[in-house]
Structures are given as C-alpha cells and as structure tokens.
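Student: My questions will all concern the structure given below.
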Amino acid sequence: VSQGSVSIWLAFYIAIRPGPLHLRIKDLRLGFGIIREIFTIGMSSFLYGASRSLVIGFVIRTVGSYGGSFAVAAFGIIDRLLRFAFMPILGMTKGLQPIAGYNYGAMRYDKARHSILLGLFYSTLLSLVGFAALFSVPRLWFRLFTNDPELIELGARALRIMVLGMPFVGIHLTTPTVFRALGKATPSMILSVTRWFLVLMPLVWILPIIAGGVEGVWFAYP
C-alpha cells in the first residue's frame with residue numbers, strides 16, 4: 001500500500017502538476033543504450049542485496065549449529081537493530097548519489113568532490129553515533145524485544161562484538177554509491193560483493209572453528 005501510494009503521487013506530480021519535468025506517453029520509448037547503462041549501474045545494488053540475503057541465510061545456519069536457538073534469536077534481534085542503525089546512513093548515501101552524479105556529469109568536479117567529502121563525513125558521523133548507542137547500552141535495546149535474562153545477556157555480548165567495526169560502515173556504504181553516481185559500475189559491483197561473499201562468508205565459516213564456538217561468528221562482522 002505504501003509503495004503504491006507513493007507511486008501514484010509521483011505519477012500525478014510528474015504528469016499533471018506544473019513543473020520543470022513532464023512525462024508524456026510519446027516519451028515512453030525504449031533506448032537500449034540507456035537500458036544497458038541502467039542495468040550495468042544498478043547491478044551493484046542488486047548484487048549487494050542478493051549477496052546479503054544469501055550470506056545472512058548461511059550465517060543463521062552457522063549460528064544455529066554452534067549456538068542453538070538462543071543464539072539464532074539473538075542474531076535475529078541484532079540484525080534488526082543494525083538495519084535500523086544503518087537507515088540514516090543509507091538515507092545519506094541515497095541523497096548524495098544524485099548530487100554527486102549531477103555535478104560530475106556537468107563537469108563541476110569541485111562541487112562533486114565537495115559533496116562526496118561531505119557525504120563521507122556525515123555518514124561516518126552517523127556511524128559513530130550508531131556505534132555509541134548500540135555499544136553503550138546493549139541490554140536496553142534487547143529489552144525492547146525480550147524479557148528473557150539469558151537471551152539478553154547472550155545478545156548484549158554479541159551486539160557489542162558485532163558493532164566494533166561500525167565506525168567504518170559509513171565509508172563502506174558511501175563508496176559503492178559514489179561509484180554508481182559517477183557511472184563506474186565495475187568498482188561498485190566489486191565493493192558490493194566483497195563484503196558479503198569474499199570476506200564475511202569465509203570468516204563466518206573459519207572463525208567459529210578457530211574460536212571453538214558461536215563467538216567466532218560475532219567476531220566475523222567487525
């Protein structure tokens with residue numbers, strides 16, 4: 001319902017309201033060069049989402065093998081907390097993309113560079129705020145989801161370990177977005193796949209063997 005409502009409003013705004021941009025039926029024709037470019041640049045976003053889903057499934061299976069149902073429940077809560085903490089950073093990167101891309105395309109390289117540096121600064125600042133909030137009072141966040149003291153203790157320790165790398169998340173999320181904005185699809189795709197498939201997945205497999213338990217999964221994240 002929410003997606004449909006927004007789509008109707010945007011269609012109304014573009015087609016009917018007076019403004020600088022209007023779409024008409026005669027404008028809706030296929031341009032295969034543009035479609036190819038959209039597909040190429042958009043592939044990195046697709047790979048990021050698809051690889052994340054596959055790796056999260058693998059992580060849940062590994063957590064269950066080493067830690068049982070309590071560890072799986074703790075990971076489920078942490079995953080939701082992390083996604084919530086990432087939302088402001090993702091909003092920052094989405095806002096940066098058209099500004100950097102527009103100025104880069106217009107050869108206003110100083111403004112493109114300035115916007116990218118601002119995006120990196122504020123996304124890192126948001127990362128530090130998210131890190132401080134989650135690391136300082138992990139039990140408080142877990143009490144929003146459960147009253148079980150054993151699950152709270154397990155989850156609080158796991159959360160503190162998993163967010164140790166969060167101060168760098170702003171850079172990690174902003175950089176692929178910048179490459180997409182500049183039309184550089186290949187480095188964006190490489191960065192999108194590297195975190196999940198080439199780094200996190202092998203670590204989730206190896207570290208629990210070395211650590212002798214589920215804590216190896218927690219340490220794989222930072």
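The values are calculated or read from the model by the stated rules, or taken from the named source; none is laboratory data. None of the values given here were measured: they were computed from a predicted structure. Here the Cβ positions follow ideal geometry from the backbone for every residue, glycine too, while neighbour counts run over all protein chains shown. Accessible surface areas use protein heavy atoms only, side chains included; no ligands, DNA or RNA. Shrake-Rupley method; radii C 1.70, N 1.55, O 1.52, S 1.80 Å.
Student: Which net charge results for the neighbourhood of residue 56, defined as the other residues with beta-carbon distances under 15 angstrom from its beta-carbon, given Lys and Arg at +1 and Asp and Glu at -1?
Tutor: Taking every Cβ under 15 Å from that of residue 56, the sum is +4.
Student: How much net charge surrounds residue 23 when only other residues with a Cβ under 15 Å from its Cβ are counted (Lys, Arg +1; Asp, Glu -1)?
Tutor: Overall, the nearby charge balance is +3.
Student: Can you pull the three principal axis extents for the Cα set of the range 7-66, in Å, largest first?
Tutor: 60, 29, 16
Student: Using only the heavy atoms of the protein chains and a 1.4 Å probe, how would 24, 195 rank by accessible area, largest first?
Tutor: 24, 195
Student: Which shape class applies to the range 33-185: rounded if a/c is under 1.5, otherwise prolate when a/b exceeds b/c and oblate if not, where a ≥ b ≥ c are the square roots of the Cα gyration tensor eigenvalues?
Tutor: Oblate, because a/c is 1.5 or more while a/b does not exceed b/c.
Student: Compute the acute angle (0 to 90°) between the alpha-carbon long axis of helix 201-211 and the principal axis of greatest extent of the alpha-carbon atoms of the chain; round to the nearest 10°.
Tutor: Helix 201-211 sits at roughly 20 degrees to that axis.
Student: Follow-up. Once you order the gyration tensor axes a ≥ b ≥ c over the Cα atoms, which shape class does the range 107-222 get: rounded for a/c under 1.5, otherwise prolate or oblate by comparing a/b with b/c?
Tutor: oblate
Student: Once you order the gyration tensor axes a ≥ b ≥ c over the Cα atoms, which shape class does the range 1-121 get: rounded for a/c under 1.5, otherwise prolate or oblate by comparing a/b with b/c?
Tutor: Verdict is prolate for the range 1-121.
Student: Something else about it: How much mean residue ellipticity at 222 nm does the chain get from its helices, if each DSSP H run of length 4 or more adds -39500 (n - 2.57) and you divide by all residues, to the nearest 500 deg cm²/dmol?
Tutor: Using -39500 (n - 2.57) per qualifying helix, the result is -27000 deg cm²/dmol.
Student: Using only Cα atoms, tell me the angle between helix 149-162 and the longest principal axis of the chain; keep it within 0 to 90° and round to the nearest 10.
Tutor: Tilt relative to the chain: about 50 degrees.
Student: Calculate how steeply helix 32-105 sits against the longest principal axis of the alpha-carbon atoms of the chain, using the helix alpha-carbon long axis, and give the answer as 0 to 90 degrees to the nearest 10.
Tutor: The angle comes out at about 20 degrees.
Student: If you don't mind, there's one more thing I want to ask. Report, ordered by chain and residue number, the lysines lying within cross-link reach of residue 111, taken as a straight Cα distance under 19 Å and ignoring same-chain residues fewer than 8 apart.
Tutor: Those lysines meeting the cut-off are 94, 184.
Student: Could you tell me the accessible area of residue 87 in Å² (1.4 Å probe, neighbours in place), rounded to the nearest ten?
Tutor: Around 120 Å² of this residue is reachable by solvent.
Student: Output the relative contact order of the chain, whole-number percent, from Cα pairs under 8 angstrom with separation of 6+ residues.
Tutor: After rounding, I find 27 percent.
Student: For the range 128-133, in order, what is each residue's ³J(HN,Hα) by Karplus, 6.51 cos²θ - 1.76 cosθ + 1.60 with θ = phi - 60°, in whole Hz (x at glycine and Pro)?
Tutor: Using θ = phi - 60°, the values come out as 5, 5, x, 4, 4, 5 Hz.
Student: Heavy atoms of the protein only, probe of 1.4 Å, neighbouring chains included. What is the accessible area of residue 145 in Å², nearest 10?
Tutor: For residue 145, solvent-accessible area is about 100 Å².
Student: Let me ask something additional. Leaving ligands, DNA and RNA out of it, work out the accessible area of residue 13 with a 1.4 Å probe and give it in Å² to the nearest 10.
Tutor: 100
Student: With just the Cα atoms defining each centre, how far is the range 76-144 from the range 182-202? Give it in Å.
Tutor: 18
Student: Hull surface divided by four, with the convex hull built on the Cα atoms of the range 157-218: how many nm²?
Tutor: Computing the convex hull of the Cα atoms and averaging its projections yields 4.5 nm².
Student: Taking 41 Å as R0, compute the FRET efficiency from the Cβ-Cβ separation of residue 14 and residue 136 and round it to 0.05.
Tutor: 0.35
Student: With Cβ to Cβ distances under 14 Å as the rule, what net charge do the other residues near residue 208 carry (K, R +1; D, E -1)?
Tutor: 0
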